[in-house]
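Okay, so here's the structure we're looking at.
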Amino acid sequence: MEERVGMSITAEERERRIGTMLSCLLGSLLFFLAFYSTYHLLAEVDASDFTVHLGWADEFNKWTLLRALLTGSDRLWHAFVWLLNRLGVELVYAGCLVTAGAIEAVYLIYNALLKEMLQWLDRRIIPVSSLILCLVSSIYMPWYDTHIYAGQGSPNIWHNPTQLMVRPFALIAFWMTVRIYRRLREGEGWPSRAFESKGEVVAYAFVLMLTVWAKPSFVQAFIPGLAILMIVDLIRSRGKAFLFCFKVACAYIPAAALVLMNFLSNFGSDSGNGIEIALLDVWSHSTDNIPFSFLLLFAFPLFVFIVDWKRLLFSVEGQLSLSDLAVAVGMKATLAETGSRRYHGNLSWSYGLAAVFVWFIALRSFLELMFGNRLTGKKYTAVAVVGWTLLFLHLLTGILYYIKIVSGEILF
């Protein structure tokens, strides 16, 4: 009898083990879904983004890699596919593995961040929440728009390899920035020390460079968004935060240089391409009602930000996600490429990445509201009913979006 008691496990340990098993199960499911959708778009659909990018990966070589590293070209996905192909993996399957790996990495990062931020939360809830974050999309209303993605956008896509590749690095860079910037906000006075060590500076700068090599869209909006926060704090501190902000800004110099090289390569005078101001031209091309399309994408996060505004609007992560979104919306609303790629939406990718951060912050806050004893009575019931309903609609649309992709009904 004593031996049996000694072998028993606590409820907390059982919860942790179930959470780990559930995390592995759901992670494996997501990897399979990502692999299958990529295979469908690569092997069965000639007109998908994957087809073009796989052709570039097939033409990849060490000189292409060197040029991409020096000019900031978004060739990280192609480099990994090329490397796997050199190791003997068939090109199509290499593309599927790299893409599924990038999507799986996002799932694992969500898991890690939620565990860190909500240490008290039931471990069985975290993998489910992470999977939800990897599937949600804009709410689908077929009587309004037959498209799920076009016009509305989504934090989760399946059709563009470079956007999928940049997301895990962008999430890491976003959260590293939150941790670093908290030192300014939470330190005594206005501390000048931004980094704990030289290694942290190097790691931060390298992750930012990785985001550019994957796709420059992240830093294009994130640098101005972070600059907004810095300007506000410089004014609030009457210049005392200058040294801190200067040190953080210096870490962005390599990534900013790569973005500049990428811009000159793609939009220089010899390229034949350009960017012009065209207010709402590209956005309105894919939707008749921009505010409503925005609402369809951000219904759940907007509700959470309204309910929990005191906490979110005064937190570093809340302000950083919103400033990044504001810049991304500005880019999407005002800029357009000239020439044949005008309505391809290449200047809208930052908007999708901003949605990733806003959605993550909103769901984390919602979990706190639902399971952290922060609300009681009728207010808890009202928030729960509206919040879970909106989240379910976003999730249902995300699942439908995936089904339409793999069934061949839509490309994006």
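A short reminder: the numbers here are calculations on the coordinates, not readings from a lab. Predicted model, so just to flag it, every value in this text is computed and none were measured. Neighbour counts are summed over all protein chains in view; Cβ atoms, including those assigned to glycine, are modelled from backbone coordinates with ideal geometry.
Numbers below:
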{"item": "Those lysines that a straight Cα-Cα span of less than 20 Å connects to Lys198, excepting residues fewer than 8 apart in one chain", "result": "Lys247"}
{"item": "Relative contact order computed over the chain (Cα-Cα under 8 Å; 6+ residues apart), in percent", "result": "22 percent"}
{"item": "Placed amide H near Tyr140: partners under 5 Å, 5+ positions off or other chain", "result": "Thr397"}
{"item": "Translational D in µm²/s for region 306-352 (Stokes-Einstein at 20 °C, 1.002 mPa s, Kirkwood Rh from C-alpha pairs)", "result": "176 µm²/s"}
{"item": "Prolate/oblate/rounded label for region 21-99 (Cα gyration tensor, a/c 1.5)", "result": "prolate"}
{"item": "Lysines with Cα under 20 Å of Lys215, excluding same-chain neighbours fewer than 8 positions away", "result": "Lys62, Lys332"}
{"item": "Ranked by how many other beta carbons lie within 10 Å on average, peptides 242-255, 332-345 from highest", "result": "242-255, 332-345"}
{"item": "Sequence-distant lysines (8 or more away, or on other chains) whose Cα lies within less than 27 Å of Lys310", "result": "Lys115, Lys240, Lys378, Lys379"}
{"item": "Given charges at Cβ of Lys, Arg, Asp, Glu: the chain dipole, positive-most of Pro216, Gly55, Cys250", "result": "Cys250"}
{"item": "Per-residue ³J(HN,Hα) for region 259-264, Karplus 6.51 cos²θ - 1.76 cosθ + 1.60, θ = phi - 60°, Hz, x for Gly and Pro", "result": "5, 4, 4, 5, 5, 5"}
{"item": "Region 201-300: relative contact order in percent, alpha carbon pairs under 8 Å with at least 6 residues between", "result": "27 percent"}
{"item": "Derived scalar couplings ³J(HN,Hα) [region 192-197; Karplus, 6.51 cos²θ - 1.76 cosθ + 1.60; whole Hz; x for Gly, Pro]", "result": "9, 7, 8, 10, 6, 7"}
{"item": "For region 288-395: rounded, prolate or oblate by the Cα gyration tensor [a/c cutoff 1.5]", "result": "prolate"}
{"item": "Per-residue ³J(HN,Hα) for region 150-160, Karplus 6.51 cos²θ - 1.76 cosθ + 1.60, θ = phi - 60°, Hz, x for Gly and Pro", "result": "4, x, 8, x, 6, x, 10, 10, 10, 10, 10"}
{"item": "Dipole moment magnitude, nearest 20 debye, the chain about Cα centre, only Lys, Arg, Asp, Glu C-beta charged", "result": "1260 debye"}
{"item": "Label assignment, mean projected area of the Cα convex hull in nm² derived from the structure, set (1) 30.6; (2) 25.1; (3) 26.1", "result": "(2)"}
